[in-house]
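A short worksheet on the structure shown next.
Laboratory data are not the source of any read-out in this text; all were calculated from the coordinates shown. This is a predicted model, so every value here is computed, not measured. With ideal geometry, Cβ positions are generated from the backbone for all residues, glycine too; neighbour counts draw on all protein chains shown.
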Amino acid sequence: MAKILVVAEQYMGQLRPATLSAVSAAREAASKNGGDFAILVLGANVGAVADQLTGYGAAKVIVADAPVLERYLSESYTKVVTDVAKAEGAELVLASATTTGKDLLPRVAAALGAGMASDITSIEGPNKFNRPMFAGNVIATVEVTTPIIVATVRGTAFSAAEATGGASEKTTANVDVDAGSLRTSFVKFDETKSERPGLTEARVVVSGGRGTKGDFEPINALADTLGAAVGASRAAVDSGWVPNDMQVGQTGKIVAPELYFAVGISGAIQHWAGMKDSKVIVAINKDGEAPIFAGADYGLIGDLFKAVPELIDELKKAGVGA
Amino acid sequence: MKILVTAKRLMDPETKVKLKKDNSGVDTEGAKFVVNPFDENAIEEALRLKEKHSGEVVVVSIGKPEVVEQIRTGLAMGGDRGIHVNTDADVDSDVAARILVKVIEQEQPDVVIMGKQAVDDDSGQVGQLLAQYLGWGQACFASEVSIDGNKATVTREVDGGLETLEVQLPGIITADLRLNEPRYASLPGIMKAKKKEVKELTPDALGVDTAAKVKVLSVSTPPARSAGKKVESVQELVQLLKTEAKVL
């Protein structure tokens with residue numbers, strides 16, 4: 001019996017790093033409110049991920065390994081998570097607020113009759129959490145009034161858990177999913193191929209906006225010099241210049257790298273919502289009145305098509321990058 | 001084909017957010033209200049599906065009598081009729097989903113399309129809750145939808161790429177940003193919308209208990225970032241990033 005259940009996320013046998021933020025939140029909830037936590041891994045051939053997760057101080061790692069779970073589908077995963085949560089008597093079910101976590105956990109909440117807090121940024125008590133609303137312009141303290149609580153965890157608010165050593169007990173979950181009853185089926189996944197680090201995991205992020213006029217070449221070149229991930233404002237996504245999974249903002253990805261470059265981005269509220277917790281923010285924009293300058297640590301007023309190549313040269317002179 | 005869409009009323013997201021003096025919530029006094037932008041994407045998609053397959057688009061909103069304005073916006077865009085679930089309760093995601101379950105049981109739509117999240121509370125739960133309560137399939141964060149017979153093929157915006165799912169109908173689809181560009185209501189559309197039927201229901205009549213599972217206890221404003229230095233050159237920038245910020 002574990003009071004807290006963390007739903008791990010893996011893709012093709014690789015642990016999604018965001019899971020470790022949810023593990024951090026579980027550790028914090030366990031130390032503040034008492035109890036211990038278990039980690040549930042779902043998928044097909046996920047033994048290695050389960051083994052990896054035994055080193056994080058969980059009371060146990062529960063493995064749901066079955067061909068029917070090879071591809072994430074909300075219905076099948078909801079059934080297994082719900083069955084395990086009930087068997088464990090879990091009072092708190094957590095997952096990272098990735099697109100999969102956001103897709104899955106509300107269904108789990110409905111199945112458990114639980115209330116759900118989305119995207120929590122801190123744990124204020126056994127049933128109290130802080131979470132952002134209104135594009136992060138408001139922090140709400142919410143109370144979940146149900147005996148079982150479900151929550152997704154904002155990755156930038158909880159650092160990735162470090163391995164503690166030791167070995168959690170591994171148990172096997174009963175997978176009771178009738179494949180024939182599922183009303184959704186997987187067709188295909190078009191993976192965005194990139195040699196660059198993932199947006200939510202990168203130490204440095206370079207984002208481009210409307211000012212690029214659709215030419216992301218300077219953005220990509222600066223990112224490659226810095227070994228950075230590439231992001232974009234909603235305006236750039238709206239214009240069809242880059243795919244939506246590059247969007248940083250309220251309705252896209254939330255990032256908090258050590259260094260964030262906003263290039264040709266005006267700095268709308270909804271963009272700030274996605275990057276304001278970055279440690280250092282640099283803005284490059286030709287409009288000196290752009291709201292991005294109101295919160296950036298360093299601002300350079302200038303044409304990005306001139307400034308960015310110069311910056312790359314200067315970085316190289318300073319021994320940064322290739 | 002019958003399509004049910006939602007039109008949540010919320011404060012214009014371009015408005016600067018102010019808190020109530022007692023920090024119990026956001027002060028919406030005098031604010032301009034709009035349809036949740038993601039719900040506009042949902043309505044647009046429903047209208048395009050109707051144009052292709054024919055059928056009916058029903059626009060639903062939950063809340064005080066003023067939410068009828070947002071239903072009328074959906075009707076002015078081209079929706080056929082509206083349903084207003086009249087309540088002054090503090091409706092959380094779960095209450096909204098349980099109300100919609102009852103409306104859907106009455107209406108029996110082939111597909112329900114709604115925004116992936118409302119940009120006021122940013123919870124992003126209702127579509128998924130609804131799918132589970134109804135025992136339906138869901139395709140959230142849709143960027144492309146096509147319907148053929150009793151199934152929908154939906155491309156989803158997920159971490160790391162685009163996923164395509166097939167969903168048996170009836171099913172739930174939630175709209176992401178790139179699904180479409182919502183149309184503006186035309187003047188004749190606005191005139192016609194005034195005459196379209198908006199049925200009023202109540203949670204009581206639907207047999208839904210409006211006790212919220214999640215309550216907002218208080219709100220605060222996160223610390224704002226202050227403006228830093230303006231640099232004159234890329235040389236100065238690199239120097240400061242190295243020696244002052246120490247991030248290079």
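The GluC sites (Glu not before Pro) of the stretch A:270-322 that DSSP puts in a loop, and whose beta carbon has at most 12 other beta carbons within 10 Å, are A:GLU289. Here the 3J(HN,Hα) profile of the stretch B:119-124, calculated from phi with Karplus coefficients 6.51, -1.76 and 1.60 at θ = phi - 60°, is 7, 9, 8, 6, 7, x Hz, Gly and Pro shown as x. Could you list log10 I(q)/I(0) for the protein assembly as shown at q = 0.08, 0.11 Å⁻¹, which the Debye formula gives when each Cα is one point scatterer? Debye intensities relative to I(0), on a log10 scale: -0.54, -1.03. Fewest-first ordering of A:VAL7, B:VAL59, B:VAL198 by other beta carbons within 10 Å of each residue's beta carbon gives B:VAL198, A:VAL7, B:VAL59.
Indicate the helices, whole DSSP H runs only, in chain A that combine a mean Kyte-Doolittle hydropathy of 0.0 or more with a Cα extent along their long axis of 18 angstrom or more.
Membrane-span-like by this criterion, though nothing is claimed about a membrane: A:99-112, A:304-317.
Per-residue shielding of B:173-180, expressed as the average number of other chain Cβ atoms within 10 Å of the residue Cβ, stands at 3. Less than 5 angstrom separates the built amide H of B:GLY161 from those of A:THR192, all sequence-distant by 5 or more or on a different chain. Normalised by the residues of the stretch B:76-151, what does the relative contact order come to in percent, with Cα pairs under 8 Å and at least six apart? It rounds to 28 percent for the stretch B:76-151.
Computed 3J(HN,Hα) for the stretch A:274-284, one whole-Hz value per residue from the Karplus formula 6.51 cos²θ - 1.76 cosθ + 1.60 where θ = phi - 60°, is x, 9, 5, 8, 5, 5, 10, 10, 10, 10, 10, glycine and proline marked x.
Listing A:MET275, B:MET114 from fewest to most neighbouring C-beta atoms within 10 Å gives A:MET275, B:MET114. Close amide H pairs (under 5 Å, H built 1.01 Å from N) link A:GLY115 with A:THR146, A:ILE148, A:VAL150, residues at least 5 positions away or on another chain. Give me the one-decimal Kirkwood hydrodynamic radius in Å for the stretch A:16-141, with the sum taken over alpha-carbon pairs. Its Kirkwood hydrodynamic radius stands at 15.3 Å.
Take each residue in B:7-15, count the other chain C-beta atoms within 10 Å of its C-beta, and the mean is 2.
Mean projection of the alpha-carbon convex hull of the stretch B:60-101 over all orientations, in nm²? Intermediate values should be presented prior to the final figure.
On the way: hull surface 11.8 nm².
Result: a mean projected hull area of 3.0 nm².
For the stretch B:1-129, the relative contact order is 34 percent, taking Cα pairs closer than 8 Å that sit 6 or more residues apart in sequence and dividing their mean separation by the residue count.
Residues B:LYS102, B:LYS64, ranked from the fewest to the most other C-beta atoms within 10 Å, line up as B:LYS64, B:LYS102.
Would you mind checking B:LYS151/B:LYS199; A:LYS3/A:LYS32; A:LYS213/A:LYS316 for any pair whose Cα atoms are more than 22 angstrom apart? Could the numbers behind the result be given before it?
Working: B:LYS151/B:LYS199 29 Å; A:LYS3/A:LYS32 13 Å; A:LYS213/A:LYS316 26 Å.
With Cα atoms farther than 22 Å apart: B:LYS151/B:LYS199; A:LYS213/A:LYS316.
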